[in-house]
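Take a look at the structure set out below.
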């Protein structure tokens, strides 16, 4: 294991770090992204299918599994960069920002056109804010799960 100074935690070697990132990102969709989306839907801010089992293309896997897979992929990116985040409360702001910005922009400007959907959630404010908030929650959840994983791996 390589050592990096992050709140006294020992970081795993890069290969294990990517595995931790994938698992943390996958689980963060289920434990943070979807529950925050459910809250936003419950209060009437957005309409959403939470934990949707509807098939999604091109492989026909349930939507929640597809979201979780891509959450895992993004989790690997977060695992590679989070050691450069500042410590303390700013760490969590950076984690939120990572999730709110990068996956959201890719969803709006790359994924949406590929799926013949309007870019940037059709420029609808509620939809745009929903994407930023649920992906930011995913970022915090992924960072939290990574920290727990690092602590357990000690």
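A few points about this structure:
- Residue in the stretch 52-61 that is assigned to a helix (DSSP H, G or I) and either at pLDDT below 95 or at negative phi (or both) present: no
- Only one entry in 23, 81 is out of contact with any strand residue (DSSP E or B) (no Cβ under 9 Å at 6 or more places or on another chain), closer than 15 Å to residue 146 by Cβ, without any contact (Cβ under 8 Å) to a residue 24 or more places away in the chain and part of a helix (DSSP H, G or I), namely 81.
- Among the residues making up the stretch 89-117, those that are at pLDDT below 95 and either within 22 Å of residue 17 (Cβ to Cβ) or not in a helix (DSSP H, G or I) (or both) are 115, 116, 117.
- When the residues of the stretch 40-63 are filtered to those that are surrounded by 14 or more Cβ atoms within 10 Å (Cβ to Cβ) and free of Cβ contacts under 8 Å to residues at least 24 places away in the same chain, the one that is farthest from residue 115 (Cα to Cα) is 41.
- Take the conditions (1) touching a helix residue (DSSP H, G or I) at 6+ places or on another chain (Cβ under 8 Å); (2) surrounded by fewer than 20 Cβ atoms within 10 Å (Cβ to Cβ); (3) under 23 Å from residue 47 (Cα atoms); (4) free of Cβ contacts under 8 Å to residues at least 60 places away in the same chain; residue 104 misses just one of them, which is (2).
- In the stretch 118-149, of all residues being part of a helix (DSSP H, G or I) and out of contact with any helix residue (DSSP H, G or I) (no Cβ under 7 Å at 6 or more places or on another chain), the one that is surrounded by the most Cβ atoms within 10 Å (Cβ to Cβ) corresponds to 147.
- Failed criterion for residue 16 (all others in (1) touching a helix residue (DSSP H, G or I) at 6+ places or on another chain (Cβ under 7 Å); (2) in a helix (DSSP H, G or I); (3) farther than 25 Å from residue 128 by Cβ hold): (1)
The values are calculated or read from the model by the stated rules, or taken from the named source; none is laboratory data. None of the values given here were measured: they were computed from a predicted structure. Ideal geometry is used to build each Cβ from the backbone, glycine not excepted, and the neighbour counts take in all protein chains shown.
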